[in-house]
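The values are calculated or read from the model by the stated rules, or taken from the named source; none is laboratory data. Since this is a predicted model, take the numbers as computed values, not measurements. Heads up, the Cβs are rebuilt from the backbone with ideal geometry, glycines too, and the neighbour counts pull from every protein chain shown.
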Amino acid sequence: MSREAIVAPISVSVSRTYGDGLLIAVHYSYEGKPATLKRRTAMAKEMLREALDRLEEGEPVDLGFSEDSVRRIRTDKIEA
């Protein structure tokens, strides 16, 4: 008996790479098999589309930064 995997998107982040590329990271939870590339791509599109729609419609969106913030966030990627 085959059970369908349960996949729930959590977040999508977009980062600029050293060249002109973009790194799109999809964070999700799952039970059973992990999501296929096609499903991960669909999740990223759906979440990015929702974020863009909210920005264009003027709905409240947490952009994740504040000019007067005391604490700054930094993420370093170290490649070996």
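Taken together, the residues in the stretch 1-47 that are aromatic (Phe, Trp, Tyr) and exposed (fewer than 10 other Cβ atoms within 10 Å of the Cβ) amount to 1. So residue 77 ticks every box in (1) at pLDDT below 60; (2) charged (D, E, K, R); (3) surrounded by 12 or more Cβ atoms within 10 Å (Cβ to Cβ) but one. Which box is left unticked? In the conditions (1) at pLDDT below 60; (2) charged (D, E, K, R); (3) surrounded by 12 or more Cβ atoms within 10 Å (Cβ to Cβ), residue 77 misses (3) alone. Among the residues of the stretch 6-26, at least one is at pLDDT 85 or above, touching a Lys or Arg at 6+ places or on another chain (Cβ under 9 Å) and among the hydroxyl-bearing types (Ser, Thr, Tyr).
Within the stretch 14-36, residues that are over 17 Å from residue 49 (Cα atoms) and among the charged types (D, E, K, R) reach partners that are exposed (fewer than 11 other Cβ atoms within 10 Å of the Cβ) and modelled with pLDDT under 90 with beta carbons closer than 7 Å, at six or more positions or on different chains, in the pairs 16/22; 31/6.
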